[in-house]
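Scroll down for the structure; my scribbles are underneath it.
The values are calculated or read from the model by the stated rules, or taken from the named source; none is laboratory data. In this text, all values refer to a predicted model and were calculated from it rather than measured experimentally. Because the Cβ atoms are built from the backbone with ideal geometry, glycine has one as well, and the counts that use them run over all protein chains shown. Accessible surface is based on the protein model in full, side chains and every heavy atom, while ligands, DNA and RNA are left aside. Shrake-Rupley method; radii C 1.70, N 1.55, O 1.52, S 1.80 Å.
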Amino acid sequence: MDQHPLPGSVPAPTQRKRFRVQHLIEHKAAGRKLTMLTAYDTITGRIFDAAGVDMLLVGDSMGDNVLGYENTIPVTLDEMIVSARSVARAAKHSMVVADLPFGSYEASPQQAFASAARMLKEAGVQAVKIEGGERIVKHVELLTQSGIPVFGHLGFTPQSENMLGGKRIQGRSDEAAERLCEDALALQDAGAVAVVLEMVPAPVAARATEILRIPTIGIGAGSVVDGQVLVWTDMAGMGDWSPRFAKQFGQVGAALAAATEAYVSEVQAQTFPGPEHQYDH
Ligand code: KIV
């Protein structure tokens with residue numbers, strides 16, 4: 001008899017098919033929560049892909065989490081392409097989505113197309129994400145018509161943090177909540193395949209989720225959304241701090257520090273390498 005995986009279960013890696021755009025709508029319709037996690041390199045990409053994450057986001061959060069920048073604004077398209085390529089090489093099942101960084105798409109739909117085309121051709125990702133609502137509708141239309149799936153990003157949009165006055169919850173007033181929902185509908189009408197909602201009050205995210213046909217993916221947007229995304233270093237507990245909306249599902253930073261200290265002390269004590277680690281011929 002054919003074995004069918006239980007709804008919501010992660011099939012063994014060999015049975016898993018590539019997660020594709022049509023699965024976004026299917027998951028929403030079936031009420032199956034979507035999972036997305038950032039990844040910036042092959043090592044983490046391989047682990048998250050094998051663990052069953054639906055989508056790997058090569059986020060420009062790489063700027064503050066990996067490259068040592070203060071925020072996402074200095075990240076360049078060339079830096080994003082190197083990172084996205086290394087994740088795409090690792091991902092056998094997860095869909096790989098890459099951010100278009102600040103300055104690589106805002107000027108015109110044509111600029112967005114040129115940057116997104118580089119992402120697909122040079123990095124091998126399956127979709128791109130861009131920040132903004134009404135103001136980027138024409139960009140989303142052109143990319144979509146050109147065969148490039150686009151994820152929208154509303155609420156707190158880190159590339160605009162200077163205009164937003166820092167990292168602040170968005171959509172708090174009735175007017176701002178209404179505008180956010182209108183932006184989400186405009187992105188959907190333009191062809192976006194999903195919308196990320198970052199740092200938005202839970203009832204506002206729930207409202208957007210209700211009115212949209214395409215899925216919402218929340219980060220600091222509560223539980224009434226179609227999926228969740230986290231920055232992997234927050235999820236895994238790499239640092240001693242993470243935002244209130246993120247849960248640390250492990251203490252990987254502490255484990256890495258302990259392993260490093262053990263290595264240093266064994267080299268200094270001359271207990272590593274031992275005979276089993278050396279070549280005698
Ligand atoms: O760059 C990123 O990691 C993101 C997430 C916060 C959604 O855009």
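Can you work out the accessible area per residue across the chain, with the rest of the protein chains kept in place, probe 1.4 Å, in square angstrom?
Values: 14660 Å² over 281 residues.
Computed with neighbouring chains in place, this is 52 Å² per residue.
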Quick one: accessible surface of residue 247, probe radius 1.4 Å, all protein chains present, in square angstrom to the nearest 10.
120
Name the residue from 188, 149, 160 whose Cα lies farthest towards the positive end of the charge dipole of the range 149-189, charges +1 on Cβ of Lys and Arg and -1 on Cβ of Asp and Glu.
160
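Report the net charge of residues surrounding residue 209, where surrounding means a beta-carbon distance below 10 angstrom and charges are Lys +1, Arg +1, Asp -1, Glu -1. Each step should come with its number before you reach the end.
Details: positive: 28, 207; negative: 210, 226.
Around residue 209, the charge tally is 0.
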Counting only protein heavy atoms, what percent of the accessible surface of the chain is carbon or sulfur at a 1.4 Å probe?
56
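As a test, work out the antiparallel percent of DSSP beta bridges whose residues both lie in the chain, rounded to the nearest 5. Before the final figure, lay out each step's value.
Values: 1 of 30 bridges.
That works out to approximately 5 percent antiparallel.
Given Cβ point charges of +1 (Lys, Arg) and -1 (Asp, Glu) and nothing else, what value in debye, to the nearest 20, does the dipole of the range 1-151 about its Cα centre take?
Details: 16 positive and 16 negative charges, 140 e Å.
Taking the Cα centre of the range 1-151 as origin, the dipole is about 680 debye.
So how much slack lies between residue 255 and residue 175, counting 0.36 nm per residue of separation and subtracting their Cα-Cα distance, in nm? Could you put the intermediate results ahead of the total?
Details: separation 80, 0.36 × 80 = 28.80 nm, distance 4.59 nm.
Separation in residues times 0.36 nm, less the Cα-Cα distance, equals 24.2 nm.
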Build a GNM of the chain with springs between Cα atoms under 10 Å: which of 238, 62, 36 gets the top mean-square fluctuation?
238
Please give the solvent-accessible surface of residue 20 in Å², to the nearest 10, using a probe radius of 1.4 Å with every protein chain present.
120
Length gained if residue 21 through residue 246 is fully extended, taking 0.36 nm per residue and subtracting the Cα-Cα distance, is 78.4 nm
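Would you please classify the overall shape of the range 23-141 from the alpha carbon gyration tensor, given that a ≥ b ≥ c denote the square roots of the eigenvalues, rounded means a/c under 1.5, and beyond that prolate means a/b larger than b/c while oblate covers the rest? Spell out each step's value before the answer.
Numbers: a/c = 1.73, a/b = 1.18, b/c = 1.47.
It comes out oblate by the Cα gyration axes.
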Report, ordered by chain and residue number, the lysines lying within cross-link reach of residue 92, taken as a straight Cα distance under 21 Å and ignoring same-chain residues fewer than 8 apart.
17, 33, 121, 129
May I ask you to evaluate 6.51 cos²θ - 1.76 cosθ + 1.60, the Karplus curve with θ = phi - 60°, for each residue of the range 245-260 and list the ³J(HN,Hα) values in order in whole Hz, giving x for glycine and proline?
6, 9, 9, 8, 8, x, 10, 5, x, 5, 5, 5, 5, 5, 5, 5
Of 63, 248, 45, which is farthest towards the positive pole of the chain's charge dipole, taken about the Cα centre with +1 and -1 on the beta-carbons of Lys, Arg and Asp, Glu respectively?
45
Describe numerically, in nm with one decimal, the distance between label points set 7 Å from Cα along Cα→Cβ at residue 269 and at residue 134.
6.6
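Going from the alpha-carbon gyration tensor of the chain, what semi-axes, largest first and in whole Å, does one get by taking the root of 5 times each eigenvalue?
Working: eigenvalues 233, 99, 80 Å².
So the equivalent ellipsoid measures 34, 22, 20 Å along its semi-axes.
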Average projected area [Cα convex hull, the range 186-277], square nanometres
9.0
Computed for the chain: size of charge dipole around the Cα centre, +1 on C-beta of each Lys and Arg, -1 on C-beta of each Asp and Glu, debye to nearest 20, value 800
If amide H atoms are modeled at 1.01 Å from N in the peptide plane, then the residues at a separation of 5 or more from residue 194, or on another chain, having amide H under 5 Å from its own are 152
